[in-house]
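One structure is given below, encoded as C-alpha cells.
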Amino acid sequence: MKSLSLLLAPVLAAAVVAAPAAPAQAAAPACHAHVCLWTGANYTGAVYTWWEANGNRFIGGTHADNVGSFVATSGACFVDTADTEWNWRAKRLASAGDYSSNYRGRFGGVMDRIAPARYC
C-alpha cells in the first residue's frame with residue numbers, strides 16, 4: 001500500500017502550479033532628477049521633475065493631490081500644505097532609492113509641495 005504522502009504529492013504539486021501569481025509591479029524607471037513624480041500609477045501619465053536646488057516648490061495643478069507614482073534618487077520632503085507654502089498639514093520623508101508604483105492611495109493623494117529633505 002502506498003503511503004498517504006505519495007498519494008497526495010501529485011495533488012499538492014498541481015495546486016502549487018495552479019496558484020495565481022502575485023500581481024506584477026512595474027519596475028521603477030530611471031529618474032534623471034532628484035525626484036520624479038507621475039500622475040498615473042506604474043510611472044505613467046504626466047511627469048514632474050524636481051532638483052534639491054529648486055527648494056520648496058508647489059508641484060503644479062496637474063500633480064497636486066494627484067501623484068500616482070514616484071522615484072527618488074536623493075532625499076526629499078513630500079508636503080501636504082494647509083494654506084501657505086510653509087504652513088504644513090503633514091510631510092513625508094523620501095530617501096534616495098525610494099519609489100512607489102502606486103502612491104495615490106497613500107500620501108500621493110494629498111501632497112502638493114516638495115522640499116529639500118532637511119525640512120522634514
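Of the residues making up the stretch 56-76, those that are touching a helix residue (DSSP H, G or I) at 6+ places or on another chain (Cβ under 8 Å), of a type in the set (S, T, N, Q) and over 21 Å from Ala30 (Cβ atoms) are Asn56, Asn66.
Test Ser95 against the stated conditions and say whether it is of a type in the set (Gly, Ala, Ser) and touching a Gly at 6+ places or on another chain (Cβ under 6 Å). Considered against the rule, which asks whether it is of a type in the set (Gly, Ala, Ser) and touching a Gly at 6+ places or on another chain (Cβ under 6 Å), Ser95 comes out as yes. Every condition in (1) surrounded by 10 or more Cβ atoms within 10 Å (Cβ to Cβ); (2) over 14 Å from the mean Cα position of the chain (by Cα); (3) modelled with pLDDT of 95 or more; (4) not in a strand (DSSP E or B) holds for Val67 except the one numbered (2).
Selection of the stretch 29-75 for residues being touching a Pro at 6+ places or on another chain (Cβ under 7 Å) and either over 16 Å from Ala115 (Cα atoms) or without any contact (Cβ under 8 Å) to a residue 60 or more places away in the chain (or both) yields Tyr43, Val71.
Just wondering, is there one or more residues in the stretch 42-55 that are within 13 Å of Met111 (Cα to Cα), modelled with pLDDT of 95 or more and part of a loop (DSSP other than H, G, I, E, B)? Taking every residue of the stretch 42-55 in turn, none turns out to be within 13 Å of Met111 (Cα to Cα), modelled with pLDDT of 95 or more and part of a loop (DSSP other than H, G, I, E, B).
The set of residues in the stretch 99-120 being surrounded by fewer than 17 Cβ atoms within 10 Å (Cβ to Cβ) and within 10 Å of the chain's Cα centre (by Cα) consists of Asn102, Gly105, Arg106.
Out of Ala46, Ala27, which single residue is more than 16 Å from Cys120 (Cβ to Cβ), exposed (fewer than 13 other Cβ atoms within 10 Å of the Cβ) and among the small types (Gly, Ala, Ser)? Give the steps one after another, and end with the answer.
Numbers: Ala46 fails: exposed (fewer than 13 other Cβ atoms within 10 Å of the Cβ).
Selected residue: Ala27, the only one of Ala46, Ala27 that is more than 16 Å from Cys120 (Cβ to Cβ), exposed (fewer than 13 other Cβ atoms within 10 Å of the Cβ) and among the small types (Gly, Ala, Ser).
Within the stretch 76-92, the set of residues being under 10 Å from Ile114 (Cα atoms), among the aliphatic types (A, V, I, L, M) and out of contact with any Lys or Arg (no Cβ under 8 Å at 6 or more places or on another chain) comprises just one member, Ala76. Residues in the stretch 75-90 that are farther than 19 Å from Ala41 by Cα and either in contact with a strand residue (DSSP E or B) (Cβ under 7 Å, 6 or more places away or on another chain) or crowded, with 20+ Cβ neighbours inside 10 Å (or both): Gly75, Ala76, Cys77, Val79, Asp80, Thr81, Ala82, Glu85, Asn87, Trp88, Arg89, Ala90.
The values are calculated or read from the model by the stated rules, or taken from the named source; none is laboratory data. Bear in mind that the values here come from a model prediction, so they are computed numbers and not experimental data. For neighbour counting, all protein chains shown are included, and Cβ atoms are generated from backbone atoms with ideal geometry for every residue, glycine included.
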